[in-house]
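In what follows, a structure is listed as structure tokens, so that the remarks can point back to it.
The values are calculated or read from the model by the stated rules, or taken from the named source; none is laboratory data. The structure presented is a predicted model; accordingly, all values stated were derived computationally and were not measured. Cβ coordinates were reconstructed from backbone atoms using ideal geometry, including for glycine residues, and neighbour counts include every protein chain displayed. Protein only, heavy atoms only, side chains kept; ligands, DNA and RNA dropped before computing areas. Shrake-Rupley method; radii C 1.70, N 1.55, O 1.52, S 1.80 Å.
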Amino acid sequence: MEESDKNLPLRDVVFNTLRRRILMGELKPGDRLMEVKLTKELGVSRTPVRDAIHLLEMDGLVTIEPRRGATVAKITKKDLRDVLEVRCALEELAAELACSRITPEELDRLSFAAKEFSHATANGDVGDMAKKDVAFHDIIFRATDNDRLIQQLSNLSERMYRYRVEYLKDKTVYGKLVEEHSEIMDCLRENRPEDARKAVNKHIKNQVEGVGRELT
């Protein structure tokens, strides 16, 4: 159990546990979620497992079919396109706003986050890389000082996690990602909003193409 799950209702603990496994790829698209097996594995009754599975269905991470039961939802090209089109529009806006609002302290943190991500690529730990990538972009979001935009991007970031992990499984993109982070930072540091939008657009479009090649 994660530290953040303590004191939560069992349903939420099970939901968070299964959600993390799906997002990290431990439970793969098409895998069946067997209630009996999960109750034994997690040491809970069937009710919180069943409730958690229905929450995962509402979250788009699980599909429930008659006679087949619950399975981890597949990632399709349309899913990817839908999410990344929205992400691209919001992150372009975030980069534009951050250009004039980011503080020297935030730029320092962004530089540190970029280095942390670069170091993580050398270790090959996809989960660690995904977290470091999220941390990098989160600093930019917060630099906008726009609470509504930050909230929307935070919600979308969770939906993006599966695609981020899939993209990071390809070791050939690591150098490109490090370069793209550096390009985005340069635009923010030099207050070049239009270039920042273009850099973010390229960064996200490369992910669409990279993940899209593996999907149907």
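Side notes on the structure shown:
- Values of log10 I(q)/I(0), in the order q = 0.10, 0.13 Å⁻¹, for region 59-174 under a Debye, Cα-only, solvent-free model: -0.37, -0.60
- Computed from Cα atoms alone, the Kirkwood hydrodynamic radius reported for region 1-127 is 17.6 Å.
- Once the mean of 1/r is taken over each pair of separate Cα atoms and inverted, region 74-124 shows a Kirkwood hydrodynamic radius of 13.4 Å.
- Tail fraction, Cα-Cα pairs, the chain, threshold 30 Å, whole percent: 29 percent
- Ordered from highest to lowest accessible area with the whole protein assembly present and a 1.4 Å probe, Met58, Met24 read as Met58, Met24.
- Set of lysines near Lys37 by C-alpha distance (under 25 Å), chain-local residues within fewer than 8 positions excluded: Lys6, Lys28, Lys74
- The P(r) of region 27-101 has a tail past 16 Å containing 63 percent of all C-alpha pairs.
- Cα-Cα pairs of region 135-212 separated by more than 15 Å (percent): 62 percent
- The chain - percent of accessible surface contributed by carbon and sulfur, probe 1.4 Å: 48 percent
- Radius 9 Å from Cβ of Gly69, net charge of other residues (Lys, Arg +1; Asp, Glu -1): +1
- Rolling a 1.4 Å probe over the protein heavy atoms gives region 25-134 an accessible area of 55 Å² per residue.
- For region 1-71, the equivalent ellipsoid derived from the alpha-carbon gyration tensor has semi-axes of 19, 14, 11 Å in decreasing order.
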